[in-house]
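What follows is a set of notes on a single structure, which appears directly below.
The values are calculated or read from the model by the stated rules, or taken from the named source; none is laboratory data. It should be emphasised that the depicted structure is a prediction, and the values quoted were computed from it without experimental measurement. No Cβ is skipped: glycine too gets one built from the backbone with ideal geometry, and neighbour counts run over all protein chains shown. Side chains are part of the model used for accessible areas, which takes the heavy atoms of the whole protein and leaves out ligands, DNA and RNA. Shrake-Rupley method; radii C 1.70, N 1.55, O 1.52, S 1.80 Å.
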Amino acid sequence: MTRSNPPVEEADENDLEVDKPKDWAAGMPGVYHSMQPALKHMGAERTARTLLTMNQKQGFDCMSCAWPDPSGHRSKFEYCENGAKAVTWEATPVTVASEFWAEHSISELRERSEYWLGMQGRLTEPVYKAAGDDYYRPVDWDTAIKIVSDKLKGLSSPDEAAFYTSGRASNEAAFAYQLFIRGFGTNNMPDCSNMCHESSGVAMSETIGVGKATVAYDDFLTTDLMIVIGQNPGTNHPRMLSAMEQQKENGGQIVAVNPLPEAGLRRFKNPQKPKGVVGRGTELADQFLQIRAGGDMALLQAVSKRVLEAEDNNPGSVLDHEFIAEHCEGLDALREHLSHLDEQTVLEATGLRAAEIDELTDRYINAESVIITWAMGVTQQKNGVGTIKEIINLLLLRGNFGRPGAGASPIRGHSNVQGDRTMGIWEQMPDSFLDALGREFSFEPPREHGVDSVDAVRGMRDGAIKFFLSLGGNFVAAMSDTAATEAAMQNLEMNVQISTKLNRSHTVVGQEALILPTMGRTEIDVQASGPQFVSVEDTVSAVHSSEGRVDPVAPNLLSEVAIVSRIAHATLGSRIAADWEGFEDNYDLIRDHISHVVPGCENYNQRIREKDGFLLANGPRDFRRFDTPSGKAVMTVNELDLIDCPPNRLILQTMRSHDQFNTTIYGYNDRYRGIKKGRHVLFVNPEDLVQLGFSDGDLVDVHGEYADGKDRVLRKFRAVAYPTARGSAAVYYPEGNVLVPLDDTVAGSNTPVSKGVIIRLEPAGDGPAGGSSEENKQENMPATV
Ligand SMILES: Nc1nc2c(c(=O)[nH]1)N[C@H]1C(S)=C(S)[C@@H](COP(=O)(O)OP(=O)(O)OC[C@H]3O[C@@H](n4cnc5c(=O)[nH]c(N)nc54)[C@H](O)[C@@H]3O)O[C@H]1N2
Ligand SMILES: Nc1nc2c(c(=O)[nH]1)N[C@H]1C(S)=C(S)[C@@H](COP(=O)(O)OP(=O)(O)OC[C@H]3O[C@@H](n4cnc5c(=O)[nH]c(N)nc54)[C@H](O)[C@@H]3O)O[C@H]1N2
Ligand SMILES: [Mo]
């Protein structure tokens, strides 16, 4: 039974409460608090069919993150609080009623918060905004599809369109989608990965020949030393804490590198174990390095330098000479480069003491096997690509590849972001993939690289891109420079969004706009040939099936595969040899093509039906094989690139609270960090606060400073004295995106620098609270070059 439009209260930032941060993470309490509004409507059966069947063999893959399931144990239920929030958010029976669209103009919806928009419930029918209209109006599917395909057919070049993907799309939807886009004639495929782990892909491909983690699940349990850099697993990959707990029980050690003493890096109280419910839980990090924002590259170089010095002092006993001789190149150049590394520079950049770096070095040298994991604290730094290359250098020195418990492990975010890339969602797919795709479907795919997320905004702004279609996601809110991105979106002739729920991107639109509602992963997907399942790939390249458990929330919903196939069919007709109607009827047909086109996916239909799915091959992990031009892993020389932070300025990171999934706001609490009932918070080190002339609790305006000289400002944020590293402040994403300049991107990956914004604080002045786009748009902003 569906329910419509419960009243949703907007939060009042004046109610904000600040408590002491926690030093331990656990599961239960938060779900019940933050999901009350949604859980209230779920009912026992829907709850049982969703929350209790996540990540089960015959269930759906949890859509909250890309952390893997225990290998061979998909039947083992792992409780995850934030997974439960994601599932409840999607599986809610609350729906947006038809009347909603006449009651709320688009300009009115634009004034609403993400929380309010999301809480309106699931979208159930296609809606269309005509040029000049300020309202969406319900339309039938055929009309909606025709509006989209007519527009596409009328463009003067395929490159006037861009097609965004968020990492929740299944492999089947993603494969069909990229086929359609290339069949249409463009590689303009910005995706969320451009803003996320692109730096990992770039750095790893260049050095070890693969952009994915070189470990399997069990390696996390058996490794001697896990170094967790720039990642907050307690909130963003909560099931990782179970693996860390097990690794500790097996005698392993953990080192955490982070400006913030995140609760989930310190202690874990496993809600599924008696000692987790009472008692102190498991101590996680044996060493916590409270690094200054952006200092990781200096730290890693300093550790590698110490490792090389230890080898010099004790020749033959520190480096893995056999591995290096057989598999690596570049050691001499690395040694030469690091010999010039200045210790004082390192200490300043990291804010650490030399003894702390010595200790980490000892731990590293004494560990037989080491895994380094990382996430946004590294990839979204200006020097992210270089930093990841230094991670690889350090691991290579002791042969930490291709053996148990060792490897490099970017921890991916969206549950299928890695699979989407495997399926061809990338603006720069290699020719070998395009060749295979062209052969399979008898057409010549476009070869010229397309735009990524940042370049898509530039293209829309400049009028080169006139049409934008999103398969999931919330592009306007996720992208940097909110005001610039919103202005670019408003410059479009048409935008089309395939979504489960309302979000800000539906309210910031060009001349014409459509919202096409889709089924989520929790829902049973029945097509002409019967019930369908889809497949996904996690962060360690394990591929498995996912099958919904509850009836779709409304009768009129189409699956993502169906929507993509219908748009493709209407737009392309028989231009390429693809059976679009067959794809919609039976996803096996898509999987047959995946078998022929995607490397490593041979016999896909058969292997995906195996009990736990299958693991995609990985050169470094499986064979110590490095698919670089020379066939060797490359130790690289990276010039130390540090953030130049002027006096009386801070380096700002934009991060996730415990009550959100990216741009989706579940609630206003960040319980591990002690924040309640608000999000307009600026976390500052207490000494920095005093030095800058402010006090705990002051309302401040946060001004971004960037080379383009534009004044970007976030107003009336509560300064909270918080134990973050000196000089390193934090606000929540997506509110903070206003301050991230479009042109400030990571060298080599073009990812927005969401973790390294130079800011200046001023007492709160006039102007609307938050980061108003109107104010930040500033007609006077000089055009970027
Ligand atoms: N519940 C929940 N789960 C999620 C998501 C979510 O929003 N909610 N998002 C998903 C997605 S798409 C992703 S990509 C992942 C994101 O997972 P994370 O990368 O954990 O996400 P962030 O909140 O951005 O946290 C970044 C961490 O890096 C630290 N950090 C910031 N700057 C630096 C630095 O210079 N050096 C170091 N060493 N650390 C730094 C921050 O203090 C913080 O702990 O999570 C995924 N899972
Ligand atoms: N400042 C700053 N900016 C950042 C980041 C940061 O740390 N700081 N992180 C970046 C990162 S890591 C990422 S991954 C991006 C995230 O960017 P996106 O992936 O674009 O954003 P999400 O918030 O995950 O998208 C949420 C929307 O997806 C839709 N949705 C949910 N489930 C489904 C589904 O099953 N199908 C379809 N079709 N739609 C669905 C819903 O309408 C929902 O509103 O943001 C990036 N932006
Ligand atoms: Mo992400």
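Just flag the trypsin sites (Lys or Arg not before Pro) in the stretch 381-458 sitting in loop per DSSP whose Cβ has no more than 12 other Cβ atoms within 10 Å. Please report the intermediate quantities before stating the final value.
On the way: sites: K382, K389, R398, R412, R421, R439, R447, R458; in loops: K382, R398, R412, R447.
When the trypsin sites (Lys or Arg not before Pro) of the stretch 381-458 are filtered for loop state and at most 12 Cβ neighbours within 10 Å, R447 remain.
Which entries in K153/K466; K151/K466; K305/K389; K85/K755; K212/K611 show an alpha-carbon gap greater than 19 Å?
Working: K153/K466 13 Å; K151/K466 10 Å; K305/K389 14 Å; K85/K755 26 Å; K212/K611 23 Å.
K85/K755; K212/K611, as the Cα separations exceed 19 Å there.
Translational diffusion coefficient of the stretch 198-411 at 20 °C, 1.002 mPa s, Stokes-Einstein with Kirkwood Rh over Cα pairs, in µm²/s as a whole number.
123 µm²/s
Kindly work out what percent of the DSSP beta bridges joining two residues of the chain are antiparallel, to the nearest 5. Don't jump to the answer; show the numbers that get you there.
Values: 39 of 91 bridges.
About 45 percent, rounded to the nearest 5.
Here the Karplus curve 6.51 cos²θ - 1.76 cosθ + 1.60, taken at θ = phi - 60°, turns the phi angles of the stretch 614-624 into couplings of 8, 9, 5, 4, 8, x, x, 5, 8, 9, 6 Hz, with x standing for Gly and Pro.
Projecting the Cα atoms of V139, H703, S630 onto the charge dipole of the chain, computed from C-beta unit charges around the Cα centre, puts V139 farthest toward the positive end. Distance between the modelled labels on N648 and L52, one decimal in nanometres: 6.2 nm (7 Å Cα→Cβ projection).
Given a 1.4 angstrom probe, what's the average accessible area per residue across the stretch 650-780, in square angstrom?
On the way: 4050 Å² over 131 residues.
Here the residues of the stretch 650-780 average 31 Å² of exposed surface.
Helix content alone sets the calculated 222 nm mean residue ellipticity of the chain: runs of n ≥ 4 DSSP H residues at -39500 (n - 2.57) each, divided across all residues, give -9500 deg cm²/dmol. Near K129, once Lys and Arg are set to +1 and Asp and Glu to -1 for all other residues with Cβ below 11 Å from its Cβ, the sum equals -2.
Give me the accessible area per residue for the stretch 161-319, probe 1.4 Å, as a whole number in Å². Write down the numbers at each step before the final one.
On the way: 3810 Å² over 159 residues.
On a per-residue basis, the stretch 161-319 sits at 24 Å².
Between D592 and E17, full extension at 0.36 nm per residue minus the direct alpha carbon distance yields a gain of 201.5 nm.
Over the Cα atoms of the stretch 524-592, the radius of gyration divided by the Kirkwood radius equals 1.01; this is the Rg/Rh ratio.
Using a simple charge model, +1 on the beta-carbon of Lys and Arg, -1 on the beta-carbon of Asp and Glu, nothing else, what dipole does the stretch 391-530 show about its Cα centre, in debye to the nearest 20? Don't skip to the answer; put the middle values down first.
Numbers: 12 positive and 16 negative charges, 132 e Å.
Computed about the Cα centre, the dipole is about 640 debye.
Find the relative contact order for the chain and round it to a whole percent, using C-alpha pairs within less than 8 Å whose residues are 6+ positions apart. Numbers along the way, then the final one.
Working: 1804 pairs, mean separation 166.1, N = 785.
Reported as a whole number, the value is 21 percent.
Per-residue SASA remark: Y722, around 10 Å² accessible (1.4 Å probe; ligands, DNA and RNA not included). Measuring from centroid to centroid over Cα atoms, what is the spacing of the stretch 350-373 and the stretch 179-226 in Å? Answer, in whole Å: 26. Between the alpha-carbon centers of the stretch 476-526 and the stretch 103-124, tell me the distance in whole angstrom. Their Cα centres are 12 Å away from one another. Ignoring any ligand, DNA or RNA, what whole percent of the accessible area of the chain comes from carbon and sulfur when the probe is 1.4 angstrom? Percent of accessible area from carbon and sulfur atoms in the chain: 50. Positive end of the dipole of the stretch 198-411 (Cβ unit charges, origin at the Cα centre): among F288, H340, V307, the Cα lying farthest that way belongs to F288.
Expressed as a whole percent, how much of the Cα-Cα distance distribution for the stretch 650-780 exceeds 19 Å?
On the way: 4047 of 8515 pairs.
Result: 48 percent of Cα pairs exceed 19 Å.
Once the Cα-Cα distance is subtracted from the 0.36 nm per residue extended length, the L341 to S432 segment shows a gain of 28.7 nm. Full extension of the chain between S113 and A528 gives 145.5 nm of extra length, using 0.36 nm per residue less the Cα-Cα distance. Of the Cα atoms belonging to the chain, the radius of gyration and Dmax stand at 25.0, 77 Å. For the stretch 427-443, putting each phi into the Karplus relation 6.51 cos²θ - 1.76 cosθ + 1.60 with θ = phi - 60° gives couplings of 6, 10, 4, x, 4, 4, 5, 5, 4, 5, 5, x, 4, 5, 10, 6, 8 Hz, in residue order, rounded to whole numbers and with x for Gly and Pro.
Please give the charge dipole size of the stretch 650-780, origin at the Cα centre, charges +1 on K and R Cβ atoms and -1 on D and E Cβ atoms. Round to the nearest 20 debye.
Numbers: 15 positive and 18 negative charges, 125 e Å.
That gives the stretch 650-780 a dipole magnitude of about 600 debye.
Measuring r between the beta carbons of D362 and R439 and using R0 = 45 Å, the FRET efficiency lands at 0.25. Basic side chains Lys and Arg get +1 at the Cβ, acidic Asp and Glu get -1 at the Cβ, and with that the dipole of the stretch 474-584 about its Cα centre reaches some 160 debye. The local environment of F475, defined by Cβ-Cβ distances under 11 Å, has a net charge of -1 under the rule Lys, Arg +1 and Asp, Glu -1. Annotation note: GluC sites (Glu not before Pro) in the stretch 331-428 located in DSSP loop regions with a Cβ neighbour count of at most 14 within 10 Å are E368. Accessible surface for the stretch 370-412, divided over its residues, is 11 Å² per residue with a 1.4 Å probe.
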